1. Can you pull out the residues in region 10-33 that are surrounded by 13 or more Cβ atoms within 10 Å (Cβ to Cβ), under 24 Å from the mean Cα position of the chain (by Cα) and not β-branched (V, I, T)?
2. Take the conditions at pLDDT below 95 and either under 30 Å from E5 (Cα atoms) or outside the structural domain of L3 (by TED's automatic domain parsing) (or both) and apply them to A77. Does it pass?
Amino acid sequence: MNLKETIVQYVGELKDPENGEVTPEMIAGVLIDEFPDMMLLVAQENYLRGYTQALDDVEAMEAERLKEQVKPKAEEANSETA
C-alpha cells in the first residue's frame, strides 16, 4: 500500500462518509487536525506562490498592453512616411 492509499483509507475510517467517498476537503481537514504546523507552512507557501504568480501575470499584462499601444503608433508613423 502506498502513502496515498494509506491516507485515503485512514481518512475514510476516521470520517466514515455516508457514500464511502473520501474528498480532498476531508483529507485537508484531517491533515490540519493531525499536522497543524506543517499545514500552516503549506498554506503559507501556497499563498506566496499565488501572490508571486499574480504579480507575474500583472507584469505580463502590462507588457502586452504597452506593446499594443506602441504598435498603432509605429504603424501610424510608417503610413506617414510612405
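The values are calculated or read from the model by the stated rules, or taken from the named source; none is laboratory data. Everything numeric in this text was worked out from a predicted model, so none of it was measured. For neighbour counting, all protein chains shown are included, and Cβ atoms are generated from backbone atoms with ideal geometry for every residue, glycine included.
1. Listed by number, the residues that qualify are M26, A28, G29, L31.
2. It is true that A77 is at pLDDT below 95 and either under 30 Å from E5 (Cα atoms) or outside the structural domain of L3 (by TED's automatic domain parsing) (or both).
Okay, residues lined up against (1) of a type in the set (K, R); (2) free of Cβ contacts under 8 Å to residues at least 40 places away in the same chain; (3) part of a loop (DSSP other than H, G, I, E, B):
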residue: M1; (1), (2), (3): no, yes, yes
residue: K4; (1), (2), (3): yes, yes, no
residue: P17; (1), (2), (3): no, yes, yes
residue: L31; (1), (2), (3): no, yes, no
residue: V42; (1), (2), (3): no, yes, no
residue: E45; (1), (2), (3): no, yes, no
residue: K67; (1), (2), (3): yes, yes, no
